[in-house]
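Data block below; observations after.
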Amino acid sequence: MAKKTLIIGGGIAGITAAQKIAQNGGTALLIEKEGHLGGNFAKLTYTFPVLADAKGIVTREIKTAEELAGIEILPRTTLESCRGEAGNFTVELGTPSGRRTEQVAAIVVAAGFHYMEPTAYTEYAYGRSAKVVTSLEFEKMAAEGRLPQGPARVVFVHCVGSRDKAKGYRYCSKICCSYSAKHAIMLKQANPEAKAYVFYIDIRALGKGYEEFIREAMEKYNVRYIRGRVAKVIESGDKLLVRAEDSLIGNPVEVEADLVVLASAMEPPQGSRALAGILGIATDEYGFFREAEANVRPCHSSKEGIFLAGSCTQPMEIAAAVAMGGLAASEALILSR
Amino acid sequence: MRLKIDEDGIRTMVEQSIGKSLTSCLQCSKCGGGCVHSEEFDLTPRQVVESLLDCQDGKVLDSRMIWLCGRSCSACQAVCPVGLPLNEIMAVLREEAGRRGIEPKYEKPSMIYYKFEHCAKHQEEGEASESSTGRETQPA
Ligand SMILES: Cc1cc2nc3c(=O)[nH]c(=O)nc-3n(C[C@H](O)[C@H](O)[C@H](O)COP(=O)(O)OP(=O)(O)OC[C@H]3O[C@@H](n4cnc5c(N)ncnc54)[C@H](O)[C@@H]3O)c2cc1C
Ligand code: SF4
Ligand code: SF4
Ligand code: SF4
């Protein structure tokens, strides 16, 4: 029998890696620290760039994984120790029913990302006003049918915590331009009376159909894009005043809003440095897992036999996490035959 | 008017005195968006930085903006994603304007933050009282 692969993290990257290993004759042990699979994907309502049904897709993928004979899924489980080398690792797992030791040939780290709580952004009234939410909270509001009703004005704020070395991260979170457009479209579809404003620095929509998707937000759904990073959100009665500079005009502008949505940063998963310590692999300056070589070995960690998949390496969209999960699976299979 | 891009200008002097390169500016315009004076500016702080980078020295030194920028104000530096000290930049530019015999556009830099800096609450009231006119509101 083929030797096992341990997969850490049951988001879409880990689920995909497990599926591909099992479908190609291998066996996978998928551990997830939460009680259920799906990760951040399971918190979404629709997905860009086609407004696909997020819950439907993620449920289907989880079901496929659960039904494959070659996959054992361990919820509420974490890695406690790891010894050995490529082809022959001994790992200790902390499971709800106690400690369990396993021999595995390869390890795939798919621990995903954490969404930054923008508490440092007091200028945006986050945490002070209930009308200022993050994009992830907006997903929840949409899922629960709590989007603003009637002629409400919603302002979407790009690059909160990203591209900000003073209070956040220097990097660009890569997909918030796209999901903010998605949110503006979701708002307009749910409530055509609403007005949507997006404040951006640069629009980064690099993927098939992404640019067209954002143009559609502007042209078809009449979402107004204003170039300028929001400077302040001021509470004013039951409204919010959003102040920025329209840098294409060179003038200060103000929008009175009913809801402000902050596109916060995708940051490394919590505890990534501790996990890297247990595994003996490298992280980058932020705490994302570091690839051995950025161009042609994106899923090799700094240690033989340990592979990386998904948004635990950098902010990325679902399609990229799936591609990396598949690649990590094929690397792991080489070691498990 | 077409600007002539140049490489030699007061940029170097400004960078030396603030100890930072102006190239770190992201041109995000967060600085101008929250400034209580931005409605009176002829150049926004972001435009000052951009103009300095291309050595449009005359344009910057002749601007009203450098004189309007508040005395000991750090409102925009506090929110700037790269922490550029715009207030210090304007102070350096005023000094240089003085050396070149350029007349101040105002007697002295605005006192708003000077007057209210002792207390955040009064600072906000000060902002409200001194910036109630002329703001453009985005149409619905
Ligand atoms: C607001 C928002 C909207 C988005 N919209 C879209 C969209 O429309 N389209 C799109 O393509 N993408 C979208 N994304 C991105 C999408 O969520 C990610 O691409 C996707 O979730 C990445 O999957 P992943 O498996 O890499 O990580 P995750 O989804 O983060 O999954 C990681 C899993 O690993 C588990 N884990 C972490 N650490 C450990 C550990 N030490 N041990 C065990 N388990 C662990 C976590 O609990 C989690 O279940 C959006 C993201 C956000 C924030
Ligand atoms: S993807 Fe867009 S919103 Fe997100 S950090 Fe990059 S530029 Fe900013
Ligand atoms: S806030 Fe800072 S980075 Fe942004 S335009 Fe102003 S000076 Fe440049
Ligand atoms: S230092 Fe103060 S007055 Fe000067 S540009 Fe910045 S916020 Fe405006």
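When each of A:VAL260, A:VAL230 is tested for being crowded, with 24+ Cβ neighbours inside 10 Å, under 24 Å from the mean Cα position of the chain (by Cα) and at the interface with chain B (Cβ under 9 Å from one of its Cβ atoms), the lone residue that passes is A:VAL230.
Residues that are within 22 Å of the chain's Cα centre (by Cα) and not charged (D, E, K, R) occur in the stretch A:94-108; there is at least one. Scanning the stretch A:243-257 for residues that are touching a residue at least 40 places away in the same chain (Cβ under 8 Å) and facing another protein chain (nearest Cβ under 9 Å), we see that the one that is nearest to ligand 3 (Cβ to nearest atom) is A:ALA244. Of everything listed in (1) part of a helix (DSSP H, G or I); (2) within 14 Å of chain A (Cβ to nearest Cβ); (3) modelled with pLDDT of 95 or more; (4) within 13 Å of ligand 4 (Cβ to nearest atom), the single unmet condition for B:GLN123 is (3). Checking every residue in the stretch A:107-126 against the condition of being more than 15 Å from ligand 1 (Cβ to nearest atom), modelled with pLDDT of 95 or more and closer than 28 Å to A:SER301 by Cβ gives zero matches.
Conditions (1) within 22 Å of A:THR47 (Cα to Cα); (2) among the hydrophobic types (A, V, I, L, M, F, W, C); (3) more than 13 Å from ligand 1 (Cβ to nearest atom), marked per residue:
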{"site": "A:GLU144", "(1), (2), (3)": "yes, no, yes"}
{"site": "A:ALA152", "(1), (2), (3)": "no, yes, yes"}
{"site": "A:ASP164", "(1), (2), (3)": "no, no, yes"}
{"site": "A:CYS172", "(1), (2), (3)": "yes, yes, yes"}
{"site": "A:CYS176", "(1), (2), (3)": "yes, yes, no"}
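Within the stretch A:82-103, the set of residues being surrounded by 12 or more Cβ atoms within 10 Å (Cβ to Cβ) and either polar (S, T, N, Q) or not assigned by TED's automatic domain parsing to the domain that holds A:LYS33 (or both) comprises A:ASN88, A:THR90, A:THR95, A:GLN103. The C-beta contact set for the stretch A:30-48 (first residue modelled with pLDDT of 95 or more, second residue within 6 Å of ligand 1 (Cβ to nearest atom) and in a strand (DSSP E or B), distance under 8 angstrom, 6+ apart or interchain) comprises A:ILE31/A:ILE8; A:ILE31/A:THR78; A:LYS33/A:THR78; A:ASN40/A:TYR115. Of all the listed residues (A:LEU79, A:LEU147), the sole one being of a type outside the set (Gly, Ala, Ser) and closer than 28 Å to A:ALA323 by Cβ is A:LEU79.
The values are calculated or read from the model by the stated rules, or taken from the named source; none is laboratory data. Remember, predicted model here, so these are calculated numbers, not experimental data. Backbone-built Cβ (ideal geometry, glycine too); neighbour counts: all protein chains shown.
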